[in-house]
1. Under 14 Å from a point 7 Å along the Cα-to-Cβ line of Ser251: which residues of region 315-343 have their amide N that close?
2. State, as an integer percentage, the relative contact order of the chain based on alpha-carbon contacts under 8 Å between residues 6 or more apart.
3. When all C-alpha to C-alpha distances in the chain are sorted into bins of 20 Å, what percent of pairs does each bin hold, rounded to whole numbers?
4. Could you tell me which residue out of Leu158, Thr179, Ala195 lies farthest along the dipole of region 142-201 toward its positive end? Charges go on the beta carbon: Lys and Arg +1, Asp and Glu -1, centred on the Cα centre.
5. With springs only between Cα atoms under 10 Å, which of Leu186, Leu76, Leu165 fluctuates most in a Gaussian network model of the chain?
6. Reachable lysines from Lys117, Cα under 28 Å, same-chain residues fewer than 8 places away excluded?
7. Skip the ligands, DNA and RNA, and give the accessible area per residue of region 65-117 with a 1.4 Å probe, whole Å².
8. For the peptides 200-211, 111-122, what is the packing order when you average, over each peptide's residues, the other Cβ atoms within 10 Å and list the highest mean first?
Amino acid sequence: MPAPEQIAARIQQWGANGPQGPMTLEIYPTLACNLDCVFCDTTDRHRAPVDELSTERWLSIIAEAAAMGVQRVFVLGGGEPLLRKDTPVLLARIKALSMEGILTTNGTRLTAPLAEKLITWGWDEVHFSVDGPTPEIHDALRGQRGAFRRTIQAACRLSVLKRRLGLDRPRIALHFVITRKNVHTLSDMVRLAHALSAFRIDFDALIAYRPEQQRLALTPQQSAALPEHAAQALALAESLGIATTLAHFLSPDRPDRGSTPPPAAPGVGIKGAPCLKAWHYLTIDAAGKTSPCCVLAGEGGSAASGSLSDLWRSDPFLESVRAGMLEKSPLPRCQECSANILAHEAAIRSCLPENPWPST
């Protein structure tokens, strides 16, 4: 994974040498999904796919990205990427072009043959979405009985296969959305991660758009108790050598996701931009629409045809996001951003010198 200082160095080059290619590409092969997660914000997940990019276009996008200097490709989406039969073809191309590959999946479609292929290709990480340490909690949140069993079986299969071959890749991570149904299970999730030989758990706050999501929001009592749950789980994770994002939940005064804009940063110009993603990160959804992040997914120009490099350099939406960030005026939807992402952006910003673009 590109380190914050590497990303900062790429951003700094914009000032002296003009636009530089993104460091990370995030692609959504499909918005379709086989589960029905209550908290999911993708309303298209059970509709028939519309205008999804062809295999050939995805392969050309991946090749263009490599030529632009992309070092890491996330394969995920508003749905389950493994529902597309050609997704393994895309994964193989990513590694053939020597880029780091990270797959985020609900795990229910990760078969034994695909697990073997991931190891053969030298795939880097597989992130499993798991929202509870038991079938009762996970399956209720994921909307399908048996989902927990299939997800954990897939993660166990991959872990055992790696261990049998004496390999440390693909690394396994878990992703967990904190809701009123699972907030009391943070330490149990750490234990589950340890049993699966996961190196990391990303705990994330719920973002509630619709009534059914709002009904999963923490109660005032749960919100008040969350720092204690997080501190206990963090201590356990540290003792087991598992990385987490639990530090973002230790304060009773933590920002409320969905109503708190990215905090203003000291400095002017790029050094003071609340978020730097528009200079180092490109997201492409299933139909080719682009954005600098998952929150703004689909709001930019289309990569369905034409030059990816030209779009990255001059797309009006991307340019408007950059201009707003330079003026410390993020878009209203930026308040939906995750504390995990904002912390990473802050780490990148800290690596920039005080005047990274002296000629501007």
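1. Flagged as within label range: 339-340, 342-343.
2. Numbers: 659 pairs, mean separation 69.1, N = 360.
The normalised contact order for the chain reaches 19 percent.
3. Once binned at 20 Å, the Cα pair distances of the chain give 29, 61, 10.
4. Sorting the options by dipole projection puts first Leu158.
5. In this elastic network of the chain, the residue with the biggest mean-square fluctuation among Leu186, Leu76, Leu165 is Leu165.
6. Lys85, Lys95, Lys162
7. Numbers: 1860 Å² over 53 residues.
That works out to 35 Å² per residue.
8. 200-211, 111-122
The values are calculated or read from the model by the stated rules, or taken from the named source; none is laboratory data. Everything numeric in this text was worked out from a predicted model, so none of it was measured. Note that we place each Cβ from the backbone using ideal geometry, even for glycine, and neighbour counts take in every protein chain shown. SASA here: full protein model, heavy atoms, side chains in, ligands and nucleic acids out. Shrake-Rupley method; radii C 1.70, N 1.55, O 1.52, S 1.80 Å.
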